[in-house]
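J.: Here it is: the structure, laid out below.
The values are calculated or read from the model by the stated rules, or taken from the named source; none is laboratory data. All of these numbers come straight from a predicted model, not from anything done at the bench. Methodologically, a virtual Cβ is constructed for each residue, glycine included, from the backbone with ideal geometry; neighbour enumeration extends over all protein chains shown.
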Amino acid sequence: MNIGIVLPRAFSSGGSGLQRYATDLTKNLLEYDKKNFYYIFVENHVDLAQLYSYFGRDSRYKIIKVDGGVFWLQFGLFFRLKSLPRMSAMIFYNTLPLFFKGKNAVLIVCDFYFKYFKSLKLKLLDFLIKDSLEKARKVVSISESTKNDALRFYNVNKEKILVIYPGFVNLCKERKSRALKINKPFILFVGSMKERKNVLNMIKAYAIFKKQKNASHKFIVAGKYDKESDYFKEIDSFIKSQNLSNDIFLLNQVTDEELAYLYKNADSLFFATKFEGFGFPVLEAMSCGVPVIATNAYSLKEISKGCAILVNPDSIAEMAEALSEVSFNKSLRPELIKKGYANALKYSWKKAVKKFIELIEQLNNNPGY
């Protein structure tokens, strides 16, 4: 079979969870699927050498650059597909091109975060997602939480949507670590500095924890941020007002090697975000033997229930107490680490790829499927 994959913003600076998911899924499809040929479609500006290096040179796939600028997906792809063999399946992320009829489309949906934040006016995206969910032959959700949102917000046909949990990269085993000059012990957050990531509330909880317990722990926030954004300025102002500049470190766009070091040396992962479609840092931390504090809702509850401390992301006091428990409760820490290891083993790219291939074969062999 010929399988097409439309890769969103591959390896762009400060790549999102979606970009990482898309490149890792593609890499593992190429690694485990020895029968099919893949056409990988990317924007024209993408560095092919970097992609070939990541995926590995192989005769079973071809990377195709698509022209069209910001309209590469809507128009450029249409003309590119005309010159290529028929695809048994086309894999898209979140939206399909308006021209695409969806007969052989597999649409992967990661989250609908904008539905939970009224300040985000994304009417065009909302329209494109609704249109795409209706047209796609099959919809793959990365979590039950996202699947439920698709059913709730867009009334998707239950027969066409299924959950395939992604795998993740065990950074502590698969990446060499690059040391950072950070004193231990430290609490770690991994993710971009956006309001839905709840970074300010986590910092406020840390401030209470540090003051009440006289804790020596530092707090490391590792992820992309924009110094000119109002949210960053609010966070920076709070840190300075509490005299925490020597205790809280904001690391912008860390590498995998630096992230591996942080996971290997972190005392705990503090990941009480307000919304996630999945939550890769939770599994990355658990696989490294790091106890986790996570949110008691959405996908984080789904993937970490019973093996992490779950908190209300709006309760600063509850989060501060959780930091105290995970840091100083000597009987709780080994229990969380043990359960976390076991939980992380449930998720692998090999399992995910197997389910994707089964889905595509069923799609190809059953026109009425």
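J.: Looking only at region 36-49, how many residues end up being without any contact (Cβ under 8 Å) to a residue 40 or more places away in the chain and closer than 19 Å to residue 85 by Cα?
T.: Residues flagged as without any contact (Cβ under 8 Å) to a residue 40 or more places away in the chain and closer than 19 Å to residue 85 by Cα within region 36-49 amount to 5.
J.: Counting only residues that are part of a loop (DSSP other than H, G, I, E, B) and more than 16 Å from the chain's Cα centre (by Cα), which one in region 252-284 is surrounded by the fewest Cβ atoms within 10 Å (Cβ to Cβ)?
T.: The qualifying residue surrounded by the fewest Cβ atoms within 10 Å (Cβ to Cβ) is 252.
J.: Now a separate question. What are the residues in region 85-138 that are basic (Lys, Arg), farther than 17 Å from residue 364 by Cβ and surrounded by 15 or more Cβ atoms within 10 Å (Cβ to Cβ), if any?
T.: 115, 130, 135
J.: Is region 196-210 home to any residue that is assigned to a loop (DSSP other than H, G, I, E, B) and not assigned by TED's automatic domain parsing to the domain that holds residue 111?
T.: Looking for residues that are assigned to a loop (DSSP other than H, G, I, E, B) and not assigned by TED's automatic domain parsing to the domain that holds residue 111, one finds at least one in region 196-210, hence yes.
J.: Can you tell which of 39, 52, 32 is modelled with pLDDT under 95, in contact with a Lys or Arg (Cβ under 7 Å, 6 or more places away or on another chain) and surrounded by fewer than 20 Cβ atoms within 10 Å (Cβ to Cβ)?
T.: Answer to the selection: 32.
J.: Turning to a different aspect of this structure: List, please: which pairs have Cβ atoms under 8 Å, are six or more places apart or on different chains, and start with a residue in region 50-68 that is hydroxyl-bearing (Ser, Thr, Tyr) and end with one that is in a strand (DSSP E or B)?
T.: The qualifying pairs are 52/63; 61/37; 61/38; 61/39; 61/40.
J.: If we scan region 190-206, do we find a residue that is basic (Lys, Arg), at pLDDT below 95 and in contact with a helix residue (DSSP H, G or I) (Cβ under 8 Å, 6 or more places away or on another chain)?
T.: Yes: region 190-206 contains one or more residues that are basic (Lys, Arg), at pLDDT below 95 and in contact with a helix residue (DSSP H, G or I) (Cβ under 8 Å, 6 or more places away or on another chain).
J.: Please tell me if residue 32 is touching a residue at least 60 places away in the same chain (Cβ under 8 Å) and touching an Asp or Glu at 6+ places or on another chain (Cβ under 9 Å).
T.: no
J.: Okay, next question. Which of the residues spanning region 233-251 are in a loop (DSSP other than H, G, I, E, B) and either among the aliphatic types (A, V, I, L, M) or surrounded by fewer than 15 Cβ atoms within 10 Å (Cβ to Cβ) (or both)?
T.: Correct list: 243, 244, 245, 246.
J.: Starting from region 351-369, take each residue that is hydroxyl-bearing (Ser, Thr, Tyr) and at pLDDT 80 or above and list its partners that are in a helix (DSSP H, G or I) and surrounded by 17 or more Cβ atoms within 10 Å (Cβ to Cβ), counting only C-beta distances under 6 angstrom and pairs at least six apart or across chains.
T.: none
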